[in-house]
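Asker: Below is the structure I would like to discuss, written out as structure tokens.
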Amino acid sequence: MTLVPLPAFADNYIWMLQDGSNAIVVDPGDAQPVFDALTRDKLQLAAILVTHHHPDHTGGVAALHAATGAPVFGPARERIPQPFTPLSHGDSAEVLGLRFAVIDVPGHTAGHIAYFLPASAGRAPLLFCGDTLFSGGCGRLFEGTPAQMLASLDALAALPGDTRVCCAHEYTLANLRFAQAVEPGNADLTQYTAHCESLRAQGQPTLPSQLATERRINPFLRSREATVLRAVRDRAELSADAAEADVFAALRQWKNDFR
């Protein structure tokens, strides 16, 4: 299986897995990039996976299903274009001999899910996490609570370190600027930022990231680390015994306000 990011809109990626004959797409907010790729590579669309209900992730679903008949899988607790197979934590989507495990990751939206594909011969694990986890960041809390998002990120951070993280937006450089404000002394972050800047200068995506890297550089996966705790407490004037969810909420608000 080959993993391909299909650019859409200003900064979305529609992720495609294809084997030379068939393809799976994740979060097709726009049908046209998918149609173009299917035509170019002479592929049949085998399935559509959706992580959450926002239009930039679902806008192309109806047209793709109507044109190809490909089955649609999506979160059980969100409004996804019909017909679709509703999925919740512990369920799986089986397509082309691949078994995608479903993880509930509320926070960005109330019913957001992620798809995890374990490693197989010659292929590292894959995580399609929509707008929950970004490289160097996390999604805004539109419908969920800080405690929910923290628990969701904890669940993703517990996956194998070599997991390739397939985020849905090219937000990396902006996220890393914020991360450096939080942890200016993080040498791993400095090195990773230079790497990502080089990729973007060449017109290349910074994604997929790797989960082990995110654990070292992403402040939203590091909200319990002493350096991050100190920075957030100093800025938000939190007490030393502030709850973890309150620290995370203050970190997320800092990012919301960061310019």
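Asker: When you go through (1) more than 20 Å from Ala114 (Cα to Cα); (2) touching a Ser or Thr at 6+ places or on another chain (Cβ under 9 Å); (3) crowded, with 20+ Cβ neighbours inside 10 Å; (4) free of Cβ contacts under 8 Å to residues at least 60 places away in the same chain one by one for Val228, which number turns out not to apply?
Answerer: The single condition Val228 does not satisfy is (2).
Asker: Still on this structure, please answer the following. Among the helices (runs of 4 or more DSSP H) confined wholly to segment 1-105, which include 1 or more residues that are closer than 18 Å to Glu170 by Cβ and either more than 19 Å from the chain's Cα centre (by Cα) or of a type in the set (A, V, I, L, M, F, W, C) (or both)?
Answerer: Working: elements: 31-41, 55-58, 61-68.
Passing ranges, in order: 31-41.
Asker: Residues Ala168, Ala147, Ala174: which one is within 17 Å of Ala114 (Cα to Cα) and within 21 Å of the chain's Cα centre (by Cα)?
Answerer: Numbers: Ala147 fails: within 17 Å of Ala114 (Cα to Cα); Ala174 fails: within 17 Å of Ala114 (Cα to Cα).
Exactly one of Ala168, Ala147, Ala174 is within 17 Å of Ala114 (Cα to Cα) and within 21 Å of the chain's Cα centre (by Cα), namely Ala168.
Asker: Related question: Against the condition outside any loop (DSSP other than H, G, I, E, B) and either within 13 Å of the chain's Cα centre (by Cα) or among the aliphatic types (A, V, I, L, M) (or both), how does Ser198 come out, does it pass?
Answerer: Values: outside any loop (DSSP other than H, G, I, E, B): yes; either within 13 Å of the chain's Cα centre (by Cα) or among the aliphatic types (A, V, I, L, M) (or both): no.
Spelling it out, it is not the case that Ser198 is outside any loop (DSSP other than H, G, I, E, B) and either within 13 Å of the chain's Cα centre (by Cα) or among the aliphatic types (A, V, I, L, M) (or both).
Asker: Within segment 5-24, which residues are surrounded by 21 or more Cβ atoms within 10 Å (Cβ to Cβ) and aromatic (Phe, Trp, Tyr)?
Answerer: Within segment 5-24, Tyr13, Trp15 meet the criteria.
Asker: Could you check segment 119-175 and list, in sequence order, the residues that are within 17 Å of Val102 (Cβ to Cβ) and in a strand (DSSP E or B)?
Answerer: Leu126, Leu127, Phe128, Cys129, Gly130, Leu133, Val165, Cys166
Asker: Okay, next question. Contact list please: Cβ distance under 7 Å, first residue in segment 77-95 and among the basic types (Lys, Arg), second residue in a loop (DSSP other than H, G, I, E, B), pairs at least six apart or on different chains.
Answerer: Cβ pairs passing all conditions: Arg77/Ala110; Arg77/Gly111; Arg79/His53.
Asker: Can you pull out every residue in segment 217-252 that is closer than 17 Å to Gln148 by Cβ and either in a loop (DSSP other than H, G, I, E, B) or touching a strand residue (DSSP E or B) at 6+ places or on another chain (Cβ under 6 Å) (or both)?
Answerer: First, pick out the residues of segment 217-252 that are closer than 17 Å to Gln148 by Cβ: 220-221, 223-224, 243-252.
Result: Phe220, Ser223, Arg224, Ala243.
Asker: Take the residues in segment 25-49 that are in contact with a Pro (Cβ under 7 Å, 6 or more places away or on another chain) and closer than 24 Å to Ile103 by Cα; name whichever of them is surrounded by the most Cβ atoms within 10 Å (Cβ to Cβ).
Answerer: Ranking the candidates gives Ile48 first.
Read the figures in this text as sums done on the coordinates, not as results from a lab. None of the values given here were measured: they were computed from a predicted structure. Glycine gets a Cβ as well: all are built from the backbone with ideal geometry, and neighbour counts include every protein chain shown.
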